[in-house]
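The values are calculated or read from the model by the stated rules, or taken from the named source; none is laboratory data. Owing to the predicted nature of the structure, the values given are computational and were not obtained by experimental measurement. Cβ atoms come from the backbone with ideal geometry, glycine included; neighbour counts cover every protein chain shown. Just so you know, the surface numbers come from the protein's heavy atoms only, side chains and all, with ligands and any DNA or RNA stripped out. Shrake-Rupley method; radii C 1.70, N 1.55, O 1.52, S 1.80 Å.
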Amino acid sequence: MARQQEKPRSFQEIILRLQTYWAAKGCAVLQPYDMEVGAGTFHPATTLRSLGTQPWAAAYVQPSRRPTDGRYGENPNRLQHYYQYQVLIKPSPPDLQALYLGSLEAIGIDMELHDIRFVEDDWESPTLGAWGLGWEVWCDGMEVSQFTYFQQVGGHDCHPVSGELTYGLERLAMYVLGIDHVMDMPFNDPDAPIALSYGDVFRQTEQEYSRWNFDVADTAVLLRHFEEAEAECEAILACDDTDPKTGLRIVMAHPAYDQCIKASHIFNLLDARGVISVTERQSYIGRVRALARQCADAFVRTGAGGYAG
Amino acid sequence: MPNLLIELFSEEIPARMQARAAEDLKKRMTDGLVEAGLTYAGAAAFSTPRRLALAVDGLLAESPTTSEERKGPRVDAPEKAIEGFLRGAGVGRDQLEIRDEKKGQVYFATITRPGRPAAQIVAEVLESVIRDFPWPKSMRWGSGSLRWVRPLHSILCILTDDAGEAQVVPMEVDGIAAGNTTEGHRFIGSGRFSVRSFDDYQAKLKRDRVILDAGERADHIWQEATNLAFAQGLQVVEDRGLLAEVAGLVEWPVVLMGGIGEDFLGLPPEVLQTSMKEHQKFFSVKNPKTGRIEKFITVANRETADHGATILAGNQKVLAARLSDARFFWENDLRVAKEQGLEAWTDRLSNVTFQHRLGSQRARIERIAALAREIAPLVGAGPDLAVQAARVAKADLSSEMVYEFPELQGLMGRYYAEAAGLPPEVAAACEEHYSPLGPSDDVPTAPVSLAVALADKLDTLTGFWAIDEKPTGSKDPYALRRAALGVIRIVLANGLRLHLDRFVDGQLVRHKIALNRADASPDEIDTLEEVLDEIADHGVFGAAFRAVMDRLQGSKDAPDLGDGSLLRTVGDLVPDLSTDLLAFFHDRLKVHLRDQGMRHDVIDACLALDGGDDLTLVVARAGALGAFLQTEDGGNLLQGFKRANNILTQAEDKDGVEYSFGADVKFAETDEEKALFAALDAAEAKIGPAMQAEDYAAAMGAMADMRAPIDAFFDAVQVNAENDVVRRNRLNLLARIRGICLQVADLTRIEG
């Protein structure tokens, strides 16, 4: 058994330890994607890179937004903006479970004292047209990560299969640090000259966004943006593969996918505003999925997607 | 005779799939071995979260040599035919034997299949079992193409001979070669080790903290849990499903008991139990004195130096967070129920689709309320109360608690209805109208609950009939068979006297109105509404529809009644749908009664009569008939009836006429004949009124009285007499027997 790690003291230390750990295990440590997304899976480093035959190994923090989960910063566990830590390795290595358990040790979970369990949890993203099999990982009865072997993304079968790990950072950190309310969690070192709590950093923004998400966001504008993103995505993908200016073959999978992400987030905002009925919901999800599919189709026609012609 | 041991070691197998997978492994392996000629003495399969294992004892060391003789073509047959035969039999010409047969000389081949060693057969069978394993869901991983429930890491496959020598069965699947090693517990084992036999395997696993047998793990958990609870004067709430699931989540169960915070003890016990079970897989621990759930049992997968203190503290913390959520839902819901009432929740259900063609839950509730009003008087409920109950019975679907825990629907409705100060009958209906769900569930008996329960189920059935989404084969996504059985059980258990036809017809029309409201003219909708009112008066659709049509025929501004018009279509369709749905009820009734030991032909005989939509009546008749047929008189009367019916049917076929009436005693020649006339008169006089009064025992008694005269008649009288007048009179007499018997039941359907 590995030697017992010294306990981390802050939220950021946990993030840093994960970064160091996965870097040491050979992952490219990427930075967050610069757009609003609902989960780390939406980062093109996961969604698009899980497609095609090219090997891939990446780890990154992804700020994630779930407008309906806003609680004005008052709920101890719920936030409309939170961090996910995401690891994607393709093909999934045979020792991925052991690698994952190593990461828990790295952030100070003592394997000798805790009860770690892999509990069935099949993952499906109707908006991405994606599914996989795996588990939620429990530490003493608490879900600390999602562990998924991607089987299909954007309607494409995954060959080879990627292994995806998603850590809900706030929840995991609260557990490791023994904190009951997220806003009380030390963000940086509690002994730093200017010690900041999670609340110091995010309490105000949680309030502001909760108000905007639920009551203020202009739904007419959002609806228009949704349509525009959808149209732009399709327009991008309708372009000829050959760029007339450079004469190069440039399939614009990523710019198109940005529009798909945008549409997905706008849909989430509309949902939080309560203007989407149950029946419409399905149809919006279907529209985003159609975009995700087309982007996936485009990506596998790029070099990164394994296109060799 | 060697013993075989197989272990398929993988990443964590979902708990719910383990037991079935172990059985599948056993069945498929042993079937495959036997098919290849390897018989065995015994086999046992095991599962843990990380492995499936199979031990087969007393396997043959090799499959027996078999030989088969095959007859070929004649010696002078064309060369091609002989070559074909040689190819098929896999022998050379010099191995053929020539025998003299009647038709000349014929080739014979003896095909000998030498026995094969067990290892070879095991390798082949195991590979195909792994490749075609029937997992409910399987996956690929890495760069491979093999499918398994989760990544498969190693295969252990050994044959152990009588001397205890183990030999690895050489085989490989997708790069995983079989060996003789495995590993124990993920965290508290000691790495990989080799095994020589099943006993060695099981013992070493235990040493490395794995209990192989799921039953042993479950027993251990239950034993420890009840001991821990008992020591504090408490009781574990039994939950076999949860026990099996938890036994599938651990290889080395360690049972821990913890307390539930004082703050949460005010939650309804069902909420505590559900939240702990669904989210945490905890058992509930009850104080038998107060009936409250005060503690929980959790099962860890390991021992620790601090005796589980850290694990228990963590679990307690997670539970507190979960229960805070539950309390938040509970308090919010109670506030809404008290301040806004349950109907506010019902209104919100207009945004919730029940089924895309059948509209929203809100619309569905309104239809149920309308039907509950009609049913109420027949079950002893106040119509207004039934409507009130129907309108709030599904309100809790809008509550936060039911959104979080769908399985608490109904029960939460009851709590919230009580909190809102609604009448107790209404609160009870919120919970009870879903019943019965399973075949052994209790059936509601309170009148208001009955009205809503029946209306709910009938609305669902008629709705799916109206849009032609009936169950087919094993597909019944909307659980319509269960709904029909629910109606049957409610009616029978309460002895309800209802004509289902009337309510089925009415509700079909309600569905047709809802389905066509968008496209139909207001006049057409009004007319259908009128038909609904008429059904309430006339009792059946046909008469009601005709009455409304007759009234409209003359009127100038009547809606379109021509062929293909909405009203004509509905007029044509509803009776067919209704008949079809009633037949569906009858099928379910037959299954239900057969399960209770009633003969299906007896049920058929009673269903053939009028009044088949009054299920209580049908069952009363069937009960009386079944009992009657068990008596000596009953059995003999049936034979008499059949004899009469056979003679009559043959004569009718031959003569091309129906002998149905006109038997006259003045043409009777023998005493027996005259006696039969008298007996039939007497029976007829009794049976009609008895059936009318639903006194089936009396009707059967009157039938029994006919038995002796019928027997005597057949003994003494030749029906097909020379004299045509006498013959016809006798046939008409037989027709009377038939007619009288058929009043009671369609005895032609009785077997034997």
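Let's see how each residue does on (1) open to solvent by 20 Å² or more (accessible area, probe 1.4 Å); (2) touching a Ser or Thr at 6+ places or on another chain (Cβ under 7 Å); (3) touching a residue at least 60 places away in the same chain (Cβ under 8 Å):
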| position | (1), (2), (3) |
| --- | --- |
| B:G88 | yes, no, no |
| B:D94 | yes, no, no |
| B:E101 | yes, no, no |
| B:Y107 | yes, no, no |
| B:P117 | yes, no, no |
| B:K137 | yes, no, no |
| B:R147 | yes, yes, no |
| B:R150 | no, yes, yes |
| B:H153 | yes, yes, yes |
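For segment B:252-301, the tally of residues that are over 34 Å from the mean Cα position of the chain (by Cα) and aromatic (F, W, Y) stands at 2. Open to solvent by 20 Å² or more (accessible area, probe 1.4 Å) and part of a strand (DSSP E or B): is that true of A:Q152 in this structure? Here the answer is yes, as A:Q152 does meet what is asked.
A:V161 meets the conditions (1) facing another protein chain (nearest Cβ under 7 Å); (2) touching a helix residue (DSSP H, G or I) at 6+ places or on another chain (Cβ under 9 Å); (3) buried (at least 23 other Cβ atoms within 10 Å of the Cβ) in every case but one. The failed one is (2). Residues that are free of Cβ contacts under 8 Å to residues at least 24 places away in the same chain and open to solvent by 50 Å² or more (accessible area, probe 1.4 Å) within segment B:632-648 comprise B:E632, B:Q639, B:N646, listed in sequence order.
Which ones in segment B:46-65 are buried (at least 22 other Cβ atoms within 10 Å of the Cβ) and without any contact (Cβ under 8 Å) to a residue 60 or more places away in the chain? Within segment B:46-65, B:L52, B:L54, B:V56 meet the criteria. Residues in segment A:84-104 that are more than 7 Å from chain B (Cβ to nearest Cβ) and open to solvent by 40 Å² or more (accessible area, probe 1.4 Å): A:D95, A:A98.
Confirm whether B:L593 is modelled with pLDDT of 90 or more, open to solvent by less than 70 Å² (accessible area, probe 1.4 Å) and either part of a helix (DSSP H, G or I) or closer than 27 Å to B:P471 by Cα (or both). The answer is yes for B:L593.
Condition first: among the hydrophobic types (A, V, I, L, M, F, W, C) and open to solvent by less than 40 Å² (accessible area, probe 1.4 Å). Now tell me which residues in segment B:605-616 satisfy that.
At the first step, the residues of segment B:605-616 found to be among the hydrophobic types (A, V, I, L, M, F, W, C) are B:605-609, B:615.
The answer is B:A605, B:C606, B:L607, B:L609, B:L615.
Restricting B:V602, B:V570 to those that are within 18 Å of B:V504 (Cα to Cα), surrounded by 14 or more Cβ atoms within 10 Å (Cβ to Cβ) and either touching a residue at least 60 places away in the same chain (Cβ under 8 Å) or of a type in the set (K, R) (or both) reduces the list to B:V570.
Would you check which residues across segment B:197-223 are open to solvent by 50 Å² or more (accessible area, probe 1.4 Å) and in contact with a Leu (Cβ under 9 Å, 6 or more places away or on another chain) and list them? Don't jump to the end; show me each part of the working.
Of segment B:197-223, the ones open to solvent by 50 Å² or more (accessible area, probe 1.4 Å) are B:199, B:202-203, B:206-207, B:209, B:213, B:216, B:219-220, B:222-223.
Correct list: B:Q202, B:K206, B:W222.
When you scan segment B:410-431, how many residues do you find that are open to solvent by less than 10 Å² (accessible area, probe 1.4 Å) and outside any helix (DSSP H, G or I)? Qualifying residue count, segment B:410-431: 1.
When only residues in segment B:163-179 that are farther than 17 Å from B:V122 by Cβ and more than 14 Å from every other protein chain (Cβ to nearest Cβ) count, which is least open to solvent (accessible area, probe 1.4 Å)? Don't jump to the end; show me each part of the working.
Of the residues in segment B:163-179, the ones farther than 17 Å from B:V122 by Cβ are B:163-164, B:174-175.
Checking the rest, the ones that are also more than 14 Å from every other protein chain (Cβ to nearest Cβ) come to B:163-164.
Working: B:A163: 87, B:G164: 32 Å².
Among those residues, the one meeting the criterion is B:G164.
Quick check on my filter: what residues within segment A:123-164 are more than 23 Å from B:L146 (Cα to Cα) and among the β-branched types (V, I, T)? Once the filter is applied, which keeps residues that are more than 23 Å from B:L146 (Cα to Cα) and among the β-branched types (V, I, T), segment A:123-164 yields A:T127, A:V137, A:V144. Scanning segment A:25-69 for residues that are within 21 Å of A:R273 (Cβ to Cβ), among the acidic types (D, E) and either free of Cβ contacts under 8 Å to residues at least 40 places away in the same chain or in contact with a Ser or Thr (Cβ under 8 Å, 6 or more places away or on another chain) (or both) yields a single hit, A:D69. Mind listing just one residue for me: the one in segment A:61-71 that is more than 14 Å from chain B (Cβ to nearest Cβ) and open to solvent by 10 Å² or more (accessible area, probe 1.4 Å) and, of those, farthest from the chain's Cα centre (by Cα)? In this case the residue turns out to be A:R66.
Yes/no per residue for (1) aliphatic (A, V, I, L, M); (2) modelled with pLDDT of 95 or more:
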position	(1), (2)
B:V236	yes, yes
B:V254	yes, yes
B:E262	no, no
B:P268	no, no
B:Q273	no, no
B:F282	no, yes
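Being assigned by TED's automatic domain parsing to the domain that holds A:W123, open to solvent by less than 60 Å² (accessible area, probe 1.4 Å) and over 30 Å from B:D174 (Cα atoms) is a condition met by at least one residue of segment A:53-60. Scanning segment B:1-26 for residues that are under 23 Å from the mean Cα position of the chain (by Cα), away from chain A (no Cβ under 11 Å) and either free of Cβ contacts under 8 Å to residues at least 12 places away in the same chain or open to solvent by 60 Å² or more (accessible area, probe 1.4 Å) (or both) yields B:A19, B:R20, B:E23. When you scan segment B:82-104, do you find a residue that is touching a strand residue (DSSP E or B) at 6+ places or on another chain (Cβ under 6 Å), assigned by TED's automatic domain parsing to the domain that holds B:D199, part of a strand (DSSP E or B) and of a type in the set (A, V, I, L, M, F, W, C), even just one? Scanning segment B:82-104, I find no residue that is touching a strand residue (DSSP E or B) at 6+ places or on another chain (Cβ under 6 Å), assigned by TED's automatic domain parsing to the domain that holds B:D199, part of a strand (DSSP E or B) and of a type in the set (A, V, I, L, M, F, W, C), so the answer is no.
Scanning segment A:112-125 for residues that are closer than 27 Å to B:M17 by Cβ and hydrophobic (A, V, I, L, M, F, W, C), we see that the one that is farthest from the other protein chains (Cβ to nearest Cβ) is A:W123.
Here's the yes/no breakdown for (1) open to solvent by 10 Å² or more (accessible area, probe 1.4 Å); (2) of a type outside the set (S, T, N, Q); (3) closer than 16 Å to B:E366 by Cα; (4) modelled with pLDDT of 95 or more:
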{"position": "B:P436", "(1), (2), (3), (4)": "no, yes, no, no"}
{"position": "B:P439", "(1), (2), (3), (4)": "yes, yes, no, no"}
{"position": "B:D442", "(1), (2), (3), (4)": "yes, yes, no, no"}
{"position": "B:P447", "(1), (2), (3), (4)": "yes, yes, no, yes"}
{"position": "B:A451", "(1), (2), (3), (4)": "no, yes, yes, yes"}
{"position": "B:A455", "(1), (2), (3), (4)": "no, yes, yes, yes"}
{"position": "B:D459", "(1), (2), (3), (4)": "no, yes, yes, yes"}
{"position": "B:E469", "(1), (2), (3), (4)": "yes, yes, no, no"}
{"position": "B:K475", "(1), (2), (3), (4)": "yes, yes, no, no"}
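Identify the residue in segment B:613-644 that is assigned to a helix (DSSP H, G or I) and β-branched (V, I, T) and, among all such residues, is nearest to B:T579 (Cα to Cα). Write out each step before concluding.
Filtering segment B:613-644 for residues assigned to a helix (DSSP H, G or I) gives B:615-630, B:632-644.
Now narrow it down to the ones that are β-branched (V, I, T): B:616, B:618-619.
On the way: B:T616: 18, B:V618: 16, B:V619: 19 Å.
Looking at the filtered set, the residue picked out is B:V618.
Residues in segment B:228-259 that are more than 11 Å from chain A (Cβ to nearest Cβ) and aliphatic (A, V, I, L, M): B:L228, B:A229, B:A231, B:L234, B:V236, B:V237, B:L242, B:L243, B:A244, B:A247, B:V255, B:M257.
For segment A:126-136, the candidate set comprises residues that are surrounded by 20 or more Cβ atoms within 10 Å (Cβ to Cβ) and either outside any loop (DSSP other than H, G, I, E, B) or at pLDDT 95 or above (or both); within that set, the residue that is nearest to the other protein chains (Cβ to nearest Cβ) is A:L133.
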